[in-house]
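Trainee: Sharing a structure, written as structure tokens. Questions coming.
The values are calculated or read from the model by the stated rules, or taken from the named source; none is laboratory data. Please read all numbers here as calculations on a predicted model, not as lab measurements. Cβ atoms come from the backbone with ideal geometry, glycine included; neighbour counts cover every protein chain shown.
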């Protein structure tokens with residue numbers, strides 16, 4: 001087996017001390033007053049020699065593993081897989097490796113993943129929390145492990161968090177439908193105590209009220225997270241059969257994609273007879289005969305800001321808890337514009 005490249009090997013190759021190489025590869029060249037040219041030369045030599053740092057030795061010496069734990073709700077959801085990639089890239093830029101898992105919206109699985117990542121001695125965690133997981137997050141904080149919540153947060157928990165303004169996003173989408181002639185606007189959401197879902201429903205309801213529209217309770221369909229495809233199809237069909245709504249706002253992209261199959265099978269004409277808007281985008285929207293209007297979340301900002309918040313906490317650059325709202329954009333396409 002080929003011997004691993006050491007700091008001493010790099011030092012001999014470049015013609016400097018082992019200590020100088022260590023400073024540069026650990027990002028401390030400014031402290032050692034190493035010139036940019038020399039730092040670049042050392043990094044180039046390390047790359048050419050295929051140097052692999054000993055993370056265990058580094059963690060023992062510096063008390064850090066340069067790893068971040070990431071837990072998303074559902075890695076098969078394009079929204080979360082895209083965020084995971086952005087977080088991975090941003091972390092790499094800062095010298096961190098990401099270890100991630102998917103909770104699948106299950107409280108027990110969330111707890112198992114958190115314990116596994118903590119046992120791996122990650123330096124901090126970025127978490128999309130599941131329903132009723134406040135205590136899990138609180139225990140992490142009590143252990144002194146830096147944590148940032150992404151996409152969702154708990155109002156009563158004092159944690160770093162990055163998310164969009166869900167209330168205003170839903171309000172604006174509902175207003176857009178009203179402005180385009182729809183007056184009986186329904187909504188499909190998940191039955192959930194999570195704040196982001198509650199705020200989306202509240203924004204929708206407040207917009208209807210502000211426009212003098214008296215919504216029927218039949219206009220809001222709440223779906224259980226653990227629903228089956230048959231349950232979902234039957235519930236949506238029952239809602240549409242009542243013929244009391246002329247448009248729908250979907251609280252998530254997964255609900256929208258599932259609904260398109262039902263809507264298409266009922267031969268509902270979009271947008272002339274019925275308007276549609278979804279939170280987030282999907283490739284499926286482009287293949288539907290009337291491309292869907294959607295609320296575009298800035299995934300780049302969500303991912304990048306969560307990483308920066310976490311690294312600042314890890315490095316003790318700040319002790320101030322921040323809740324960052326990232327703006328969203330309504331991307332208007334055919335499904336919400338009557339011809």
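Trainee: Determine which single condition residue 81 fails, assuming it passes every other condition in (1) in contact (Cβ under 8 Å) with a residue 24 or more places away in the chain; (2) within 15 Å of the chain's Cα centre (by Cα); (3) within 30 Å of residue 186 (Cβ to Cβ).
Mentor: (1)
Trainee: Please determine whether any residue of region 307-314 is in a loop (DSSP other than H, G, I, E, B), touching a strand residue (DSSP E or B) at 6+ places or on another chain (Cβ under 9 Å) and under 30 Å from residue 92 (Cβ atoms).
Mentor: Checking region 307-314: not a single residue is in a loop (DSSP other than H, G, I, E, B), touching a strand residue (DSSP E or B) at 6+ places or on another chain (Cβ under 9 Å) and under 30 Å from residue 92 (Cβ atoms).
Trainee: Checking residue 134 against (1) modelled with pLDDT of 95 or more; (2) crowded, with 16+ Cβ neighbours inside 10 Å; (3) under 23 Å from residue 251 (Cα atoms), which test does it fail?
Mentor: Unmet for residue 134, out of (1) modelled with pLDDT of 95 or more; (2) crowded, with 16+ Cβ neighbours inside 10 Å; (3) under 23 Å from residue 251 (Cα atoms): (2).
Trainee: Continuing with the same structure: Out of 321, 270, which single residue is touching a strand residue (DSSP E or B) at 6+ places or on another chain (Cβ under 8 Å), surrounded by 15 or more Cβ atoms within 10 Å (Cβ to Cβ) and either at negative phi or in a helix (DSSP H, G or I) (or both)?
Mentor: 270
Trainee: Is it true that residue 82 is modelled with pLDDT under 95, part of a helix (DSSP H, G or I), within 28 Å of residue 283 (Cα to Cα) and not assigned by TED's automatic domain parsing to the domain that holds residue 283?
Mentor: yes
Trainee: Residue 185 - would you say it is buried (at least 22 other Cβ atoms within 10 Å of the Cβ), modelled with pLDDT of 95 or more and more than 23 Å from residue 304 (Cα to Cα)?
Mentor: yes
Trainee: Could you list all residues from region 197-219 that are touching a helix residue (DSSP H, G or I) at 6+ places or on another chain (Cβ under 7 Å) and modelled with pLDDT of 95 or more?
Mentor: 199, 200, 202, 203, 204, 206, 207, 208, 211
Trainee: Within the group 123, 108, which residue is modelled with pLDDT of 90 or more, in contact with a helix residue (DSSP H, G or I) (Cβ under 6 Å, 6 or more places away or on another chain) and either over 28 Å from residue 282 (Cα atoms) or not assigned by TED's automatic domain parsing to the domain that holds residue 321 (or both)?
Mentor: Of the residues listed, the single one that is modelled with pLDDT of 90 or more, in contact with a helix residue (DSSP H, G or I) (Cβ under 6 Å, 6 or more places away or on another chain) and either over 28 Å from residue 282 (Cα atoms) or not assigned by TED's automatic domain parsing to the domain that holds residue 321 (or both) is 123.
Trainee: Also, I was wondering about something else. Mind listing whichever residues of region 261-293 are touching a residue at least 40 places away in the same chain (Cβ under 8 Å) and closer than 20 Å to residue 202 by Cβ?
Mentor: Correct list: 277, 279, 280.
Trainee: I've got another one for you. Scan region 47-64 and give yes if some residue there is modelled with pLDDT under 80, part of a loop (DSSP other than H, G, I, E, B) and on the phi > 0 side of the Ramachandran plot, otherwise no.
Mentor: Within region 47-64, one or more residues are modelled with pLDDT under 80, part of a loop (DSSP other than H, G, I, E, B) and on the phi > 0 side of the Ramachandran plot.
Trainee: From the list 172, 158, which residue is surrounded by fewer than 19 Cβ atoms within 10 Å (Cβ to Cβ) and under 24 Å from residue 223 (Cα atoms)?
Mentor: It is 172.
Trainee: Then there is this: I'm trying to understand the selection: among the residues of region 211-260, which are free of Cβ contacts under 8 Å to residues at least 12 places away in the same chain and in a helix (DSSP H, G or I)?
Mentor: Residues satisfying the conditions are 217, 230, 231, 234, 238, 241.
Trainee: Given the criterion out of contact with any strand residue (DSSP E or B) (no Cβ under 6 Å at 6 or more places or on another chain), over 30 Å from residue 92 (Cα atoms), assigned by TED's automatic domain parsing to the domain that holds residue 205 and surrounded by 17 or more Cβ atoms within 10 Å (Cβ to Cβ), identify the matching residue among 263, 245.
Mentor: 263
Trainee: Scan region 277-294 and tell me whether some residue there is in a loop (DSSP other than H, G, I, E, B) and loosely packed, with under 14 Cβ neighbours inside 10 Å.
Mentor: Taking every residue of region 277-294 in turn, at least one turns out to be in a loop (DSSP other than H, G, I, E, B) and loosely packed, with under 14 Cβ neighbours inside 10 Å.
Trainee: Sticking with this one: For region 235-245, does any single residue satisfy the condition of being out of contact with any helix residue (DSSP H, G or I) (no Cβ under 8 Å at 6 or more places or on another chain) and closer than 28 Å to residue 165 by Cα?
Mentor: No, every residue in region 235-245 fails to be out of contact with any helix residue (DSSP H, G or I) (no Cβ under 8 Å at 6 or more places or on another chain) and closer than 28 Å to residue 165 by Cα.
Trainee: Name the residue that is surrounded by the fewest Cβ atoms within 10 Å (Cβ to Cβ), counting only residues in region 15-36 that are touching a residue at least 12 places away in the same chain (Cβ under 8 Å) and in a loop (DSSP other than H, G, I, E, B).
Mentor: My answer is 27.
Trainee: Looking at region 312-326, which of its residues are in contact with a helix residue (DSSP H, G or I) (Cβ under 8 Å, 6 or more places away or on another chain) and in contact (Cβ under 8 Å) with a residue 60 or more places away in the chain?
Mentor: Scanning region 312-326 gives 322, 324, 326.
Each row is one residue, and each column tells you yes or no for (1) part of a helix (DSSP H, G or I); (2) over 22 Å from residue 327 (Cβ atoms); (3) without any contact (Cβ under 8 Å) to a residue 40 or more places away in the chain.
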| site | (1), (2), (3) |
| --- | --- |
| 137 | yes, yes, yes |
| 140 | yes, yes, yes |
| 153 | no, no, no |
| 163 | no, no, no |
| 170 | yes, no, no |
| 177 | yes, no, no |
| 188 | no, yes, no |
| 199 | yes, no, yes |
